[in-house]
Amino acid sequence: MPDLLIELFSEEIPARMQTRAGEDLKKRITDGLVEAGLTYAGAAALTTPRRLTLAIEGLLAESPTIREERKGPKVGAPDKAIEGFLRGAGLTRDQLEERDTPKGAVYFATIEKAGRPAAEIVAEVLEATIRNFPWPKSMRWGSGPLRWVRPLHSILCILTDEAGAQVVPLEVDGITSGDTTAGHRFMAPNRFSVTSFDDYAAKLKRAFVVLNPTDRAEHIWNDAQNMAFAAGLEVVEDKGLLAEVAGLVEWPVVLMGQIDDEFLDLPPEVLQTSMKEHQKFFSVRNPKTGRIERFITVANRETADNGASILAGNQKVLSARLADAKFFWENDLRVVKEHGFEPWVDRLNNVTFHAKLGSQGERVIRIGHLAGELAAATGADKTLATLAGQGCKADLCSEMVYEFPELQGLMGRYYAAAAELPEEIGQACEEHYSPLGPSDDVPTAPVSVAVALADKLDTLTGFWAIDEKPTGSKDPFALRRAALGVIRLVLTNELSMPLLSTFTMQVSDSSEFEEKSADLLSFFHDRLKVFLRDEGIRHDIIDACIAMEGNDDLNLLVKRARALNAVIATEDGENLVQGFKRANNILTQAEEKDGVEYSYGADVKFAETDNEKALFAALDGAQGEINTALKSEDFPSAMSAMAALRGPVDAFFEDVQVNTDNDILRRNRLNLLSQIRKVCSSVADLSKIEG
């Protein structure tokens, strides 16, 4: 079984596209080979800035011969029908076989498709892959129609077995396949031939190319850590930047440079952001002070001066960048020290939030008002919450955030401290955007929680009011993320906060918004189902709790759902649900048939058996326990009391015929079933439980 090696060698591929391109190359080639009948033992894709490489082991030498049997027309059918069948099968009449079937004699054809050599199939699949490769962006060059992310220079494609290596012949827009590649652009640009993947990887390393992106990333990180440690410093971890830098170099050379003293007092986040976004530098901080004092850069080549000239050039460019950042920082500090947030808050009136929802200035007034109203629920000081809400977006008008939008919120904390505002306001400025995603931390400081909730709820009610809701996969205003943020804030901080009344705080006409409020609450319930699915709580269990009163209190709703989920997982809980459904079905059918509602209370004096009497007692006891537990929001105890009814309910159905001929007994027992439904339904709507 031969091994296949493919390399597509080009100008530099953007780092962000390399991983996906490697995956696409692997999938398209292997899918095409398997579809053509060539199976394989294993495949791996590797990428560098200049090459996409695919190595496939244990490929079949040729596709298997396939025999297919086709049933044709009946013997004696019109000639045209038989001729059409022969054309489709590619056979002559003398190659047909007559067979007797229950419907008479019928022609059968046996079609044999001979296997093809692997090289022939590989050539077809690779050419189709190159011509139809799914680059996010591609370009044409020269006079040919071929499109590639950057100009494609060469195609290496060889099959290797015990006899040696064989070039798979193909040609794509004048680029002919071969068995050669080139090394590092500057350090070893000459081309060389290879005979196998191992030979290819070894020769590339000698030609200053590290083929595996994981190896490049590990080399960069290890060298960076060692350099920082030797200087008594530490590298700020950034996995995204590490992956990107590993995609920018074929031969990583790690260098550590100095940051000029005049910039060391800038906030560390400013230094880190500026160096990462503009220069792709890693930040190196002093663990004792938290200051960013040096940077790590990764060159793509070794130099005679051991990188001194590269560092000098990088430091010169970095100083220019940081001079701008220092200018913005000092200007912003001057504003807030003299005037506080007021000038920036005023300028928010000139920043449009949405054409139908007004400016950011109008919005922060709404956020401040709602944050003040929510202060009681979060345990915050109302005045502080209101002021924090009104100032939470002020830093959007700072020069620093205008240059680095990703620092919004964080700079608000620095500027609030400079303006000598209460610490809670600065903390809320930084934290009110959170949580942004499922792994983001959730604020717990009372003022921050109030402002974070107000920010997200104002967004949601505003867009619902103007009928701008998510549709399908489209959610341009990130409303699903906002709703999930509210859910996590409420649950993490165990807030008692009915949503329906909160919605109406943000609209001028609450009566007009009533229907939309119900729809927005339903949206929250849908997001909650997605959130709780990760806990293993089924949607029907949540539906059983949503059907209960107070379903706009998310904290109570989730407590109820978690307790119900736990009790349903027990044998008693599962069997009680079945008993409840049986009781509910019998009762519903009887009420429909009789045209009356059996809810007037059963009388124990009509009970005939001990099990029937025991159910009366069990229901009375359970109702008292459940009511007590629900008042204290002790849902586990309420669910346990409900589950304890399993035995008496089962014994009742085994012992008693509900629809007896005695009308008095029948009515009494139907009213008893109504009592079962009433007691269970005070905990959750078990009719929603599936299965």
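Scanning the stretch 653-683 for residues that are closer than 29 Å to residue 628 by Cβ and of a type in the set (S, T, N, Q) gives 668, 671, 674, 675, 681, 682. Applying the criterion of being in contact with an Asp or Glu (Cβ under 9 Å, 6 or more places away or on another chain) and among the small types (Gly, Ala, Ser) to the residues of the stretch 144-190, the residue that is nearest to residue 7 (Cα to Cα) is 154.
Taking the condition of being among the aliphatic types (A, V, I, L, M), more than 16 Å from residue 633 (Cα to Cα) and either in contact with a Cys (Cβ under 6 Å, 6 or more places away or on another chain) or surrounded by fewer than 21 Cβ atoms within 10 Å (Cβ to Cβ) (or both), how many residues in the stretch 542-556 meet it? Qualifying residue count for the region: 1.
Assessment of the stretch 598-607 against the conditions (under 24 Å from residue 574 (Cβ atoms) and either touching a strand residue (DSSP E or B) at 6+ places or on another chain (Cβ under 9 Å) or without any contact (Cβ under 8 Å) to a residue 60 or more places away in the chain (or both)) yields no matching residue.
Under the condition of being aliphatic (A, V, I, L, M) and within 19 Å of residue 267 (Cα to Cα), which residue from the stretch 380-411 is nearest to the chain's Cα centre (by Cα)? Before you say what the answer is, go through the steps one by one.
Looking only at the stretch 380-411, we keep the residues that are aliphatic (A, V, I, L, M), and these are 380, 384-385, 387-388, 394, 396, 400-401, 407, 410-411.
Right, trim to within 19 Å of residue 267 (Cα to Cα) and you get 394, 396, 400-401, 407, 410-411.
Numbers: 394: 31, 396: 28, 400: 30, 401: 27, 407: 23, 410: 25, 411: 28 Å.
Across the stretch 380-411, the extreme among qualifying residues is 407.
For the subset of the stretch 423-466 comprising residues that are outside any helix (DSSP H, G or I) and of a type in the set (S, T, N, Q), which member is surrounded by the most Cβ atoms within 10 Å (Cβ to Cβ)?
Residues of the stretch 423-466 that are outside any helix (DSSP H, G or I), as a first pass: 432-445, 466.
Add one more test, that the residue is of a type in the set (S, T, N, Q), and what stays is 434, 439, 444.
Details: 434: 19, 439: 6, 444: 12.
Filtering the stretch 423-466 for residues that are outside any helix (DSSP H, G or I) and of a type in the set (S, T, N, Q), the one surrounded by the most Cβ atoms within 10 Å (Cβ to Cβ) comes out as 434.
Restricting attention to the stretch 600-632, the residues that are assigned to a loop (DSSP other than H, G, I, E, B) and surrounded by 15 or more Cβ atoms within 10 Å (Cβ to Cβ) total 2.
Quick one: which strands (runs of 3 or more DSSP E) sit completely within the stretch 6-92 and have at least 1 residues that are touching a residue at least 60 places away in the same chain (Cβ under 8 Å) and either closer than 18 Å to residue 216 by Cα or in the same structural domain as residue 128 (by TED's automatic domain parsing) (or both)?
Details: elements: 42-48, 51-57, 66-74.
Where strands (runs of 3 or more DSSP E) fall fully within the stretch 6-92 and carry at least 1 residues being touching a residue at least 60 places away in the same chain (Cβ under 8 Å) and either closer than 18 Å to residue 216 by Cα or in the same structural domain as residue 128 (by TED's automatic domain parsing) (or both), they are 42-48, 51-57.
So how many residues does the stretch 636-672 have that are in contact (Cβ under 8 Å) with a residue 24 or more places away in the chain, touching a helix residue (DSSP H, G or I) at 6+ places or on another chain (Cβ under 7 Å) and more than 24 Å from residue 563 (Cα to Cα)? Number of matching residues: 12. Residues that are touching a residue at least 60 places away in the same chain (Cβ under 8 Å), among the polar types (S, T, N, Q) and in a loop (DSSP other than H, G, I, E, B) within the stretch 181-211 comprise just one, 196.
Taking the stretch 312-422 as the region of interest, the helices (runs of 4 or more DSSP H) fully inside it that hold 2 or more residues being in contact with a Lys or Arg (Cβ under 9 Å, 6 or more places away or on another chain) are 342-347, 360-378, 410-418. Here the helices (runs of 4 or more DSSP H) wholly within the stretch 212-303 that include at least 2 residues being without any contact (Cβ under 8 Å) to a residue 24 or more places away in the chain and either crowded, with 20+ Cβ neighbours inside 10 Å or more than 29 Å from the chain's Cα centre (by Cα) (or both) are 213-230.
Taken as a whole, the structure leaves residue 141 outside the set of residues that are under 30 Å from residue 179 (Cα atoms) and surrounded by 14 or more Cβ atoms within 10 Å (Cβ to Cβ). Of the numbered conditions (1) surrounded by fewer than 19 Cβ atoms within 10 Å (Cβ to Cβ); (2) over 26 Å from residue 327 (Cα atoms); (3) not hydrophobic (A, V, I, L, M, F, W, C), residue 372 satisfies every one except a single condition; which is it? Residue 372 satisfies all of (1) surrounded by fewer than 19 Cβ atoms within 10 Å (Cβ to Cβ); (2) over 26 Å from residue 327 (Cα atoms); (3) not hydrophobic (A, V, I, L, M, F, W, C) except (1).
Among the listed residues 280, 326, 316, 276, which satisfies the condition of being farther than 23 Å from residue 15 by Cα, touching a helix residue (DSSP H, G or I) at 6+ places or on another chain (Cβ under 7 Å) and assigned by TED's automatic domain parsing to the domain that holds residue 261? Before you say what the answer is, go through the steps one by one.
Numbers: 280 fails: farther than 23 Å from residue 15 by Cα; 316 fails: touching a helix residue (DSSP H, G or I) at 6+ places or on another chain (Cβ under 7 Å); 276 fails: farther than 23 Å from residue 15 by Cα.
After ruling out the rest, the residue left standing is 326.
Run residue 501 past the list (1) in contact with a helix residue (DSSP H, G or I) (Cβ under 6 Å, 6 or more places away or on another chain); (2) loosely packed, with under 14 Cβ neighbours inside 10 Å; (3) under 19 Å from residue 389 (Cβ atoms) and report the number of the one that doesn't hold. Among (1) in contact with a helix residue (DSSP H, G or I) (Cβ under 6 Å, 6 or more places away or on another chain); (2) loosely packed, with under 14 Cβ neighbours inside 10 Å; (3) under 19 Å from residue 389 (Cβ atoms), residue 501 violates only (1).
Filtering the stretch 656-673 to residues that are outside any helix (DSSP H, G or I) and under 55 Å from the mean Cα position of the chain (by Cα) leaves 656, 657, 658, 659. Scanning the stretch 423-453 for residues that are within 16 Å of residue 345 (Cβ to Cβ) and in contact (Cβ under 8 Å) with a residue 24 or more places away in the chain, we see that the one that is farthest from the chain's Cα centre (by Cα) is 425.
The values are calculated or read from the model by the stated rules, or taken from the named source; none is laboratory data. Since this is a predicted model, take the numbers as computed values, not measurements. Here Cβ is always computed from backbone atoms with ideal geometry, including for glycine, and neighbour counts include all displayed protein chains.
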